[in-house]
1. Suppose each label sits 7 Å from its Cα in the direction of the beta carbon; what would the V45-R118 distance come out to in nanometres?
2. I need the phi-derived Karplus couplings for region 34-43: 6.51 cos²θ - 1.76 cosθ + 1.60, θ = phi - 60°, integer Hz, Gly and Pro marked x.
3. Measure out, as a whole number of angstrom, how far apart the alpha-carbon centroids of region 45-69 and region 132-211 sit.
4. Find, among the chymotrypsin sites (Phe, Trp or Tyr not before Pro) in region 37-94, those assigned to loop by DSSP (not H, G, I, E, B) with at most 13 other beta-carbon atoms within 10 angstrom.
5. Report relative contact order for the chain in percent, whole number only (criteria: Cα-Cα under 8 Å, sequence separation at least 6).
6. Convert each backbone phi in region 154-160 into a coupling constant with the Karplus relation 6.51 cos²θ - 1.76 cosθ + 1.60 (shift: θ = phi - 60°), then list the ³J(HN,Hα) values in order as whole Hz, x for Gly and Pro.
7. Which angle between 0 and 90 degrees, to the nearest 10, do you get for helix 136-146 versus the longest principal axis of the chain when only C-alpha atoms count?
8. Using square roots of five times the C-alpha gyration tensor eigenvalues, list the equivalent-ellipsoid semi-axes of the chain in whole Å, biggest first.
Amino acid sequence: MSGDGILSKIVRQPAVARLWSDHALHLFAADTPGAGAPADLDVRVNDMSHVHRFEQTVPWQTREDFVSAAERRLAEGKTLLFTVAAADGPLLGYGLAHPNSEDTTYTHVGQRVLWPERTATLYGGYVHPMARGHGLHAALQLARIRYLIADLGMRWVVSGVVSTNLAALASARKSGVRPVALLRTRRRLGMARMTAERIDPTFDARFVDAA
């Protein structure tokens, strides 16, 4: 049966997934600044003039919601927003980072990870449809990594990618990060077994929910 068959759709239902499911999340990390984004790419950090050039391209995110969320995050002072915009056009891409993260709960696997000191986490990410297919997502990731390590002195920069997001997995491998851990959660009749495989022995995060 194809991945779009009836059985496949049934097992993706939230109620069924809580009873019977298998989920995996890859953790990628960088500990060197790398080359960064191309020199001709104008990446800004916390630049509201870029934020206000956001265009709605999906039903679930309006311009007003995006701008208000960005204003709230920047006011809290815990999040960095990296953006790229066309010279006289819309916001082309963005990505978020949280320096000095203490812990993260990855809802896809339901596992909480405690980070070593001076760890930054990457999350969020969007590329405008008109800019896709040109490596902008990877370039933004490279820019975030370089800024967080070279400018802010982070020891680790970490991102999590679900195993089913093949495009994000391919992009991660082009973005100066390496696999450091694999988190898995297996549910059978509501009972969850959580495991964490440490791929890089130098990556000293604590997987507090894993068996």
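1. In this crude label model, V45 to R118 measures out at 1.5 nm.
2. Along region 34-43, the couplings run x, 7, x, 6, x, 4, 8, 8, 7, 8 Hz.
3. 25
4. W60
5. Relative CO of the chain lands at 30 percent.
6. 5, 7, 10, 10, 10, 9, x
7. Helix 136-146 and the main axis of the chain meet at about 80 degrees.
8. Taking √(5λ) for each eigenvalue gives 30, 23, 16 Å, largest first.
Quick note: the coordinates plus some simple rules give every number you see, no bench work behind them. Keep in mind that what you see is a predicted model, and the values were worked out from it rather than measured. All Cβ positions, even for glycine, are placed from backbone atoms using ideal geometry, and neighbour counts span all protein chains on display.
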